[in-house]
Structure formats: structure tokens, C-alpha cells
1. Out of the residues in region 153-172 that are surrounded by 16 or more Cβ atoms within 10 Å (Cβ to Cβ) and either assigned to a helix (DSSP H, G or I) or among the small types (G, A, S) (or both), state the one that is modelled with the lowest pLDDT.
2. Quick test for you: out of E163, E167, pick the one residue that is in contact (Cβ under 8 Å) with a residue 40 or more places away in the chain and either over 25 Å from F70 (Cα atoms) or of a type in the set (D, E, K, R) (or both).
3. Could you please find all residues in region 181-197 being of a type in the set (D, E, K, R), part of a helix (DSSP H, G or I) and surrounded by 14 or more Cβ atoms within 10 Å (Cβ to Cβ)?
4. Residue by residue through region 107-137, note down the ones that are farther than 30 Å from E186 by Cβ and surrounded by 14 or more Cβ atoms within 10 Å (Cβ to Cβ).
5. Just to be sure I understand, how many residues within region 143-152 are surrounded by 14 or more Cβ atoms within 10 Å (Cβ to Cβ) and either part of a loop (DSSP other than H, G, I, E, B) or at pLDDT 85 or above (or both)?
6. Tally time: how many residues in region 23-82 are touching a strand residue (DSSP E or B) at 6+ places or on another chain (Cβ under 8 Å) and of a type in the set (S, T, N, Q)?
7. Could you say whether any residue in region 121-132 is among the charged types (D, E, K, R), assigned to a helix (DSSP H, G or I) and closer than 28 Å to G48 by Cβ?
8. Give the number of residues within region 1-26 that are more than 25 Å from L174 (Cα to Cα) and touching an Asp or Glu at 6+ places or on another chain (Cβ under 9 Å).
Amino acid sequence: MKTHIVLLGPPGSGKDTQGKILSCKLGIPLISSGEALRTEIENGSEIGLEFEKLIASGALVPDEVMFEFFTTILSRYNLSEGFVLNGFPRTLKQAEFLSGYLKEVDCDINCAIYINVPDTEIIKRICDRLLCGNCGAVYNAYLNPPKNVSICDRCGAPLQRREDDEEQVVLKRLEVYHNETAPLIEFYRLAGVLFEVDGVGDIGSVTQRLLEVIND
């Protein structure tokens, strides 16, 4: 079984959702850059404060800071037992750093899964997204609508949209993805570990496709 997994795909392709499901089904940790970063910021750690300052100023996070961040996060896991990695790497330099880091701990990525979803589908998914600020539930008016368009099914709190889910912002995020992150597909293809999965469809169907690739 390929248990050293990195998930690739555009924003809105379902990496967060599928990463959590795979982590549970395979019994290996999900290492999510977004969740790890939020934790570091909430805890007021040195690296978290550095990130917070960069984000507030609108500056790009230098690769060196990302390397330090992921060295800190990855060192907390027994990587040889397997993992699902989501949100890192995002650039070729980060992929090269990750490869070198893993080799130092006698480990490597053996399954890079590209969740392929067209831009038109991504725009529908993100722009129609509804979030519960109380319990964190996520809905989509297109794919997974709540029973009431403005109320959370789970806790009854009002649902809201994120400012960065506006179409122009989404288009910019997709542009950044195609320029900086999409080249990772070829990086892992050349390494012989890339598997492409159709990310269109209901959550269960996409999960099944992912498991078929992993268990092949």
C-alpha cells in the first residue's frame, strides 16, 4: 500500500475533505499546512507570529520561511509510518526541499495524487460555498446545499460566504495555482509516483477513485 501520499490539485478540488477521509480510512496522519499554520498563529509561536506578520502585510511567504515551518511541523511525526500531506509543497523549490528532507529521515513520497477538476467546476464550487462560523460546517449551494440556504443544518447558526470566495478572487487564486503549483504535476510524474484522479462527482465517488489508486 502506498502510504506516503501528497495531494495535488487546484483550490476547491476537495483536497481538505478527501485528506481527512483518507487519513481516517488508512489510519495515518493528515498533515495539513493550513491547519498547522492556524495552530501556530493561535499558539503565538515564533514561526506563527512571523507568518501572521507576512500575511498581514500582503507579502509573499519566502521559501526559506516555508522550509523552516515544515521542518518544525514534520519533525513532530514518525513519517516512516505513513502520512497524507496536503498544502505543501506548493512550488518546485518546496517539492525539492521536501524530497531532500524526507530522504534524510529514510522516507519518500510514493503516491502523489493529482485531483483533476476543471476551472469552471472550481468556480462553481468555491463561489457557491457557504460556511458556518459557529461549528465550522461547510456547504455548497451547487454540490451540498443546506436544508435552508441561510442556516446551518448541524447547529442552526447563520451561514456566510468568505470574502475570498468572490469570483475575481477565485480567478486570481487559480492563476497563481496554474503558474506556481501546477508544475508539481510534472515533477512527480517524472519521479514516477504521479496518479491522476477525476475529482468531479460526489464525495464518496471521488474517495473510491482515490482508494483504488492507493491500493493498486
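The values are calculated or read from the model by the stated rules, or taken from the named source; none is laboratory data. None of the values given here were measured: they were computed from a predicted structure. FYI the Cβ positions are ideal-geometry reconstructions off the backbone, even for glycines, and counts take in every protein chain you see.
1. Pass one, region 153-172, residues surrounded by 16 or more Cβ atoms within 10 Å (Cβ to Cβ): 159, 165, 170.
Imposing the further condition that a residue be either assigned to a helix (DSSP H, G or I) or among the small types (G, A, S) (or both) reduces the set to 165, 170.
Details: D165: 71, V170: 84.
Looking at the filtered set, the residue picked out is D165.
2. On the way: E163 fails: in contact (Cβ under 8 Å) with a residue 40 or more places away in the chain.
Of the residues listed, the single one that is in contact (Cβ under 8 Å) with a residue 40 or more places away in the chain and either over 25 Å from F70 (Cα atoms) or of a type in the set (D, E, K, R) (or both) is E167.
3. If we filter region 181-197 for residues that are of a type in the set (D, E, K, R), which is where we start, we get 186, 189, 196.
In the following step, the residues that additionally are part of a helix (DSSP H, G or I) were identified as 186, 189.
Within region 181-197, R189 is the sole residue that qualifies.
4. Residues of region 107-137 farther than 30 Å from E186 by Cβ: 128, 130-137.
Residues satisfying the conditions are D128, L130, L131, C132, A137.
5. Keep residues of region 143-152 that are surrounded by 14 or more Cβ atoms within 10 Å (Cβ to Cβ), which gives 143-144, 146, 151-152.
So of that shortlist, the ones also either part of a loop (DSSP other than H, G, I, E, B) or at pLDDT 85 or above (or both) come out as 143, 146, 151-152.
Matching residues across region 143-152 total 4.
6. Qualifying residue count for the region: 3.
7. The initial filter retains those residues of region 121-132 that are among the charged types (D, E, K, R), namely 121, 124-125, 128-129.
After this cut, where a residue has to be assigned to a helix (DSSP H, G or I) as well, the list is 121, 124-125.
Applying the additional criterion that residues be closer than 28 Å to G48 by Cβ yields none.
No, because not a single residue in region 121-132 is among the charged types (D, E, K, R), assigned to a helix (DSSP H, G or I) and closer than 28 Å to G48 by Cβ.
8. 3
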